[in-house]
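Engineer: Handing you a structure now.
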Amino acid sequence: MSEQLAKNLSGKAVMGSDGTQLGSLYNVEMDIDSGALNDLLVSPHSEILTDQLQFDVDEQGRIRVPVNLVQSVEDYIVVQR
């Protein structure tokens, strides 16, 4: 995956590898001690039923996508589904 600045990712559309539009990137969680990225926090698309996804959802209803499932970052952030 090519290098991307975090400021360029904010609000970027997140799509599943099956073509499903999941929503837009809200934030990225990281481990402060190690600097490792953990999860993408995705504000879900209005038509997405989060309870039918394979991903966890946080208290605010945002989808937690493990960073290791990111396949590409171009026009969209594509994640494995």
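The values are calculated or read from the model by the stated rules, or taken from the named source; none is laboratory data. This one's a predicted model, so the numbers in the text were calculated from it and none came from an experiment. Glycine also receives a Cβ, built like all others from the backbone with ideal geometry; neighbour counts cover every protein chain displayed. Just so you know, the surface numbers come from the protein's heavy atoms only, side chains and all, with ligands and any DNA or RNA stripped out. Shrake-Rupley method; radii C 1.70, N 1.55, O 1.52, S 1.80 Å.
Engineer: With the checklist (1) out of contact with any strand residue (DSSP E or B) (no Cβ under 6 Å at 6 or more places or on another chain); (2) polar (S, T, N, Q); (3) part of a strand (DSSP E or B) in hand, flag the one item residue 71 doesn't pass.
Structural biologist: The number of the failed condition is (1).
Engineer: Among the residues that make up the stretch 57-67, is at least one of them modelled with pLDDT under 90 and either assigned to a strand (DSSP E or B) or not aliphatic (A, V, I, L, M) (or both)? It would help to see each step written out before you state the result.
Structural biologist: To start, the set of residues in the stretch 57-67 that are modelled with pLDDT under 90 comprises none.
No, the conditions are met nowhere in the stretch 57-67.
Engineer: Further question: Suppose the filter is in a loop (DSSP other than H, G, I, E, B), at pLDDT below 95 and more than 13 Å from the chain's Cα centre (by Cα); does residue 33 pass it? Write out each step before concluding.
Structural biologist: Numbers: in a loop (DSSP other than H, G, I, E, B): yes; at pLDDT below 95: yes; more than 13 Å from the chain's Cα centre (by Cα): yes.
In short, yes.
Engineer: Moving to a separate point now. Taking the stated definitions as given, is residue 29 free of Cβ contacts under 8 Å to residues at least 12 places away in the same chain and either among the acidic types (Asp, Glu) or open to solvent by less than 40 Å² (accessible area, probe 1.4 Å) (or both)? Walk me through how you get there before you give the answer.
Structural biologist: Details: free of Cβ contacts under 8 Å to residues at least 12 places away in the same chain: no; either among the acidic types (Asp, Glu) or open to solvent by less than 40 Å² (accessible area, probe 1.4 Å) (or both): yes.
No, not satisfied.
Engineer: Kindly evaluate residue 24 against the criterion of being open to solvent by less than 80 Å² (accessible area, probe 1.4 Å), polar (S, T, N, Q), modelled with pLDDT of 90 or more and closer than 14 Å to residue 74 by Cα.
Structural biologist: Details: open to solvent by less than 80 Å² (accessible area, probe 1.4 Å): yes; polar (S, T, N, Q): yes; modelled with pLDDT of 90 or more: yes; closer than 14 Å to residue 74 by Cα: yes.
Yes: the conditions hold for residue 24.
Engineer: Out of all the residues in the stretch 39-47, is one or more in a loop (DSSP other than H, G, I, E, B), open to solvent by less than 60 Å² (accessible area, probe 1.4 Å) and out of contact with any Phe, Trp or Tyr (no Cβ under 8 Å at 6 or more places or on another chain)?
Structural biologist: Restricting attention to the stretch 39-47, the residues satisfying the condition of being in a loop (DSSP other than H, G, I, E, B) are 45-47.
Within this subset, residues satisfying the condition of being open to solvent by less than 60 Å² (accessible area, probe 1.4 Å) are none.
No, that holds for no residue.
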